[in-house]
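Structure, as structure tokens:
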Amino acid sequence: MSIWTRISQALSALSQGDPLSTVFEHLRAPPERSVAFTIAVIALGAKMAKADGLVTRDEVTAFRDVFQISPQDEANAARVFNMARQDVAGFEEYAHRIRGLFGAIKGAPDDLMEGLFHIAVADGEYHPNEDAFLHRVAEILGIEERFFVAMRARFVPDAEADPYTVLGVTPDMDMAEIRKAWRQLVRETHPDAMIARGVPEEAIKLAEKRMIDVNRAWEQINEAA
């Protein structure tokens with residue numbers, strides 16, 4: 001059963017008139033977390049689209065790129081997107097509900113934020129309103145400032161992308177500590193680890209860029225040591 005079939009079933013289970021934000025109450029068990037993750041990225045992406053004032057073709061394409069949406073599944077993805085845009089609940093309420101669902105699962109908030117960053121930069125511009133939006137979402141999800149900065153450095157072309165920032169470390173740290181941070185990121189980026197914490201198989205390609213950037217940063221630091 002595809003993730004989109006399961007999403008359709010989750011939406012159908014909502015009572016008449018229920019806002020999309022209530023769907024997370026029904027998706028707490030591990031098998032349903034991948035459904036919750038996908039809905040969360042699309043729903044917060046829809047809220048973020050309102051932050052910079054418009055939805056571009058590139059942003060729509062970014063959704064397809066992250067989740068490999070086939071033509072027959074586009075209607076379900078569009079339904080989630082539109083329900084989120086029409087929901088009177090603000091993005092902060094969504095973020096709080098998502099933290100209640102994923103907050104205790106190490107790495108899950110980072111996975112979610114990377115999906116949002118991918119969408120934010122898809123049109124070639126990182127709008128200040130998008131930065132404020134993502135920064136607030138990261139705060140609610142409990143992501144440390146240094147890790148938010150590291151994500152922004154990897155995704156935003158104009159952001160400072162020095163290797164220490166990418167790994168979330170500082171130059172004054174011992175090499176053993178830096179190596180430990182790099183290995184931890186590599187472990188968390190493994191597809192099996194991501195699936196275990198709720199990332200659907202359809203979105204595992206989110207890890208590809210992270211792994212490349214993390215390994216490149218470690219190589220740069222190690223070579224300069």
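The values are calculated or read from the model by the stated rules, or taken from the named source; none is laboratory data. All values derive from a computational prediction rather than experimental measurement. A quick note on method: Cβ atoms are made from the backbone with ideal geometry, for glycine too, and the neighbour counts reach across all protein chains shown. In case anyone asks, the SASA skips ligands and DNA or RNA and just uses the protein heavy atoms, side chains included. Shrake-Rupley method; radii C 1.70, N 1.55, O 1.52, S 1.80 Å.
Heavy-atom accessible area with a 1.4 Å probe sorts 94, 164, largest first, into 164, 94.
Phi angles of the range 102-111 translate, via the Karplus equation with coefficients 6.51, -1.76, 1.60 and θ = phi - 60°, into HN-Hα couplings of 10, x, 7, 9, 4, x, 4, x, 5, 4 Hz per residue; Gly and Pro are given as x. Listed values for the range 212-225 are Karplus-derived 3J(HN,Hα) couplings in whole Hz (6.51 cos²θ - 1.76 cosθ + 1.60, θ = phi - 60°), namely 4, 5, 5, 5, 5, 4, 4, 4, 5, 5, 5, 5, 7, 5, and x replaces Gly and Pro.
Select from the range 157-225 those GluC sites (Glu not before Pro) which occupy a DSSP coil region and have at most 15 other Cβ atoms within 10 Å, ordered by residue number.
160
Simple rule: put +1 on each Lys or Arg Cβ and -1 on each Asp or Glu Cβ in the range 119-196, find the dipole, and look at 171, 124, 181; the Cα lying farthest toward the positive end is 181. Specify whether the C-alpha gyration tensor of the range 110-225 places it in the rounded, prolate or oblate class, a ≥ b ≥ c being the square roots of the eigenvalues: rounded for a/c under 1.5, otherwise prolate if a/b is larger than b/c and oblate if not. Oblate. Between residue 224 and residue 29, the modelled label-to-label distance comes to 5.0 nm, taking each label 7 Å out from Cα in the direction of the beta carbon. Here the chain has 50 percent of its accessible surface on carbon and sulfur atoms, given a 1.4 Å probe and all protein chains in place. In the chain, taking the dipole from charged Cβ atoms about the Cα centre, the farthest positive-side position among 222, 43, 17 is held by 17.
The range 70-143 and the range 167-225 have Cα centres lying 22 Å from one another. Only one of (1) 17.2, 58; (2) 16.4, 48; (3) 17.4, 61 was calculated from the structure for Rg and Dmax of the Cα atoms in Å, and its label is (3). Think of it as helices only: each DSSP H run of n ≥ 4 in the chain is worth -39500 (n - 2.57), and spread over all residues that comes to -21000 deg cm²/dmol at 222 nm.
The angle between the Cα long axis of helix 3-12 and the longest principal axis of the Cα atoms of the chain comes to about 40 degrees, rounded to the nearest 10.
Give me the accessible area per residue for the chain, probe 1.4 Å, as a whole number in Å².
Here the per-residue accessible area is 48 Å².
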